[in-house]
1. Given the structure, is L72 open to solvent by 60 Å² or more (accessible area, probe 1.4 Å) and modelled with pLDDT under 95?
2. Looking at H83, is it open to solvent by less than 10 Å² (accessible area, probe 1.4 Å), at negative phi, assigned to a helix (DSSP H, G or I) and of a type outside the set (S, T, Y)?
3. Looking only at segment 86-104, filter to residues that are within 14 Å of the chain's Cα centre (by Cα) and either at pLDDT below 95 or not in a loop (DSSP other than H, G, I, E, B) (or both); which one of those is surrounded by the most Cβ atoms within 10 Å (Cβ to Cβ)?
4. Return a yes/no flag: does segment 177-189 have any residue that is touching a residue at least 60 places away in the same chain (Cβ under 8 Å) and acidic (D, E).
5. Counting just the residues of segment 146-163 that are among the hydrophobic types (A, V, I, L, M, F, W, C) and surrounded by fewer than 23 Cβ atoms within 10 Å (Cβ to Cβ), which one comes out farthest from L114 (Cα to Cα)?
6. If you scan segment 8-23, which residues turn out to be without any contact (Cβ under 8 Å) to a residue 40 or more places away in the chain and either surrounded by fewer than 19 Cβ atoms within 10 Å (Cβ to Cβ) or more than 20 Å from S237 (Cα to Cα) (or both)?
7. Here are some conditions: (1) open to solvent by 30 Å² or more (accessible area, probe 1.4 Å); (2) touching a strand residue (DSSP E or B) at 6+ places or on another chain (Cβ under 8 Å); (3) touching a residue at least 24 places away in the same chain (Cβ under 8 Å); (4) more than 19 Å from A183 (Cβ to Cβ). A46 meets all but one. Which one does it not meet?
8. How many residues, within segment 188-216, are open to solvent by less than 70 Å² (accessible area, probe 1.4 Å) and part of a helix (DSSP H, G or I)?
Amino acid sequence: MNSTASVNLINDLVDANHILYNEGIVDGFGHVSVRHDGRDDRFLIARAIAPATVQANDILECDYLGEPQDTLNRKTYLERYIHSEIYAARPDVVAIVHSHSPAIIPFGVTQARLRPICHMSGFLGLGVPNFEIREFESLHQDLLIRTRKLGTHLAQTLGSAHFALMRGHGSVTVAPSLRLVVARAIWAESNAKLQSEAMRFGEVKYLNAAEAHGAMTTNEAIIERPWALWKAKLNGSV
């Protein structure tokens, strides 16, 4: 197989990196990937640089063992196994974001459950598992998903959910499209902020299962609207 990824997909992946930075989801660290649209054994991800600086010529291919397949011998992120192992386990997943967005972190290190508090975050209604690396690695580690084994355990923790916490390390978001995964990562951070604020006032009414599913379905159908806004913000036109 020698198919190359489409220019549109590469450009969208560049935009995804920049949008996630612009919306406060990633900083110097964090990464987003998407399945290759020209072959079924690869995914696209940037080389190991800050997301805000990614350009089209920084995008490379990895196989589903997490190994870069790059003629320039460039390296991608150390935690590429987050992506490779989830893609291997979840045929429905087309794109993945790993970030350390700040409002999410407290929910991974306390007993407070991250739950959908507003209609934009209905995808959280499927449940939000919390990956505890101590169950799979010695205490002498840095919380990073450095191996396929840890990536496999993370994928198993995620299960069929759309979002998982990583204790002390942020989160992983998955979706059936690149634009949707960017939205979900942004909306999860927003939900965490709103939930933290609401919990200060007393008992919170969360979305029930039917509301969460209905809201998620509606939002998936209108993803082009927020994507257009986020791109316009990048271009300084709003």
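The values are calculated or read from the model by the stated rules, or taken from the named source; none is laboratory data. Keep in mind it's a predicted model, so treat the numbers as computed, not measured. Note that we place each Cβ from the backbone using ideal geometry, even for glycine, and neighbour counts take in every protein chain shown. We work out accessible area using only protein heavy atoms, side chains counted, and drop any ligands, DNA or RNA first. Shrake-Rupley method; radii C 1.70, N 1.55, O 1.52, S 1.80 Å.
1. Values: open to solvent by 60 Å² or more (accessible area, probe 1.4 Å): yes; modelled with pLDDT under 95: yes.
The answer is yes for L72.
2. Working: open to solvent by less than 10 Å² (accessible area, probe 1.4 Å): yes; at negative phi: yes; assigned to a helix (DSSP H, G or I): yes; of a type outside the set (S, T, Y): yes.
Against the criterion (open to solvent by less than 10 Å² (accessible area, probe 1.4 Å), at negative phi, assigned to a helix (DSSP H, G or I) and of a type outside the set (S, T, Y)), H83 qualifies.
3. V97
4. yes
5. Going through the qualifying residues, I end up with L150.
6. Filtering segment 8-23 for residues without any contact (Cβ under 8 Å) to a residue 40 or more places away in the chain gives 8, 17, 21.
Across segment 8-23, the qualifying residue is only N8.
7. Looking at each condition in turn, A46 falls short on (1).
8. Of all residues in segment 188-216, those open to solvent by less than 70 Å² (accessible area, probe 1.4 Å) come to 188-192, 195-196, 198, 202, 204, 206-207, 212, 214-216.
From what's left, part of a helix (DSSP H, G or I): 188-192, 195-196, 198, 212, 214-216.
So the answer is 12.
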